[in-house]
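This report refers to the structure that appears directly beneath it.
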Amino acid sequence: AIQAVIFDLDGVLVHTDRFHYEAWQRMANEEGISFDVSINDRLRGVSRMESLDIILEKSERSYTQSEKEDLADRKNEYYRELLLQLTPADAAEGALAFIARCKEQDVKTAIGSSSRNTPMILERIGLAHVFDAIADGNQIVRSKPDPEVFLLAAQQLGVDPAYCLVVEDAEAGLIAAERAGMLKAAIGAAFDSSVADYRLRNLAEMAEIVFG
Ligand code: BG6
Ligand code: MG
């Protein structure tokens with residue numbers, strides 16, 4: 001039986017993916033770098049600096065490490081400005097009810113996110129205090145598709161990875177979960193991924209998988 005559910009944050013519990021897109025777009029425009037939705041999909045689950053490297057593939061010139069850090073910082077400022085719009089109403093539909101049911105039935109819950117903005121986002125959407133563990137971009141060195149963040153979440157929970165179910169909207173995240181030896185449910189942008197064990201149209205469908 002499933003003993004723990006590990007949620008990806010961006011694109012699963014809250015639709016910050018549109019804010020990431022808008023913030024990268026603004027920075028890329030200022031730099032004269034072309035950027036579009038097809039590139040944006042490759043940024044899901046990937047760390048801030050790795051995302052920047054993907055965006056800079058389209059650039060005419062090369063950037064020094066310190067220039068890259070400035071660009072990433074600038075994008076993050078734009079992004080955090082956008083995050084101020086978030087309220088508890090932006091938590092994905094069905095998330096809170098499902099988490100409450102997990103609590104009742106002794107199924108542990110955790111966050112496994114590449115984002116260093118995880119604490120701020122959880123605070124804004126009112127989910128800062130509902131999880132048994134939070135593993136995020138501030139605590140890891142290798143981002144998805146490396147399994148590090150999910151293994152850290154399982155370790156914090158004290159649950160064997162084989163009994164953990166990960167919910168992801170990113171191909172990189174599904175691969176990370178696979179490498180961690182966990183079960184995987186795909187939602188949103190990752191719906192059609194062949195790596196997934198389950199496919200969800202919404203979070204309410206988690207109940208059937210976890211509680212049967
Ligand atoms: C992931 C997002 O959750 O976090 C990525 O899917 C993002 O798009 C990554 O690049 C890092 O986010 P942050 O908030 O640390 O810049
Ligand atoms: Mg995601």
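For segment 149-171, give me the residue count where each residue is within 16 Å of ligand 1 (Cβ to nearest atom) and surrounded by fewer than 21 Cβ atoms within 10 Å (Cβ to Cβ). Qualifying residue count, segment 149-171: 1. Flag set for residue 70, criterion: surrounded by fewer than 21 Cβ atoms within 10 Å (Cβ to Cβ) and out of contact with any Cys (no Cβ under 9 Å at 6 or more places or on another chain). Can you confirm whether residue 78 is touching a helix residue (DSSP H, G or I) at 6+ places or on another chain (Cβ under 6 Å), free of Cβ contacts under 8 Å to residues at least 60 places away in the same chain and farther than 17 Å from residue 190 by Cβ? Answer is yes for this residue.
At least 2 residues that are at pLDDT 95 or above and within 19 Å of the chain's Cα centre (by Cα) in each: list the helices (runs of 4 or more DSSP H) lying fully within segment 1-74 that qualify.
On the way: elements: 17-31, 37-41, 48-56.
Per the criteria, 17-31, 48-56.
The values are calculated or read from the model by the stated rules, or taken from the named source; none is laboratory data. Quick caveat, the model's predicted, so the values are computed rather than measured. In this analysis, Cβ positions are derived from the backbone assuming ideal geometry, glycine residues included, and neighbour counts consider all displayed protein chains.
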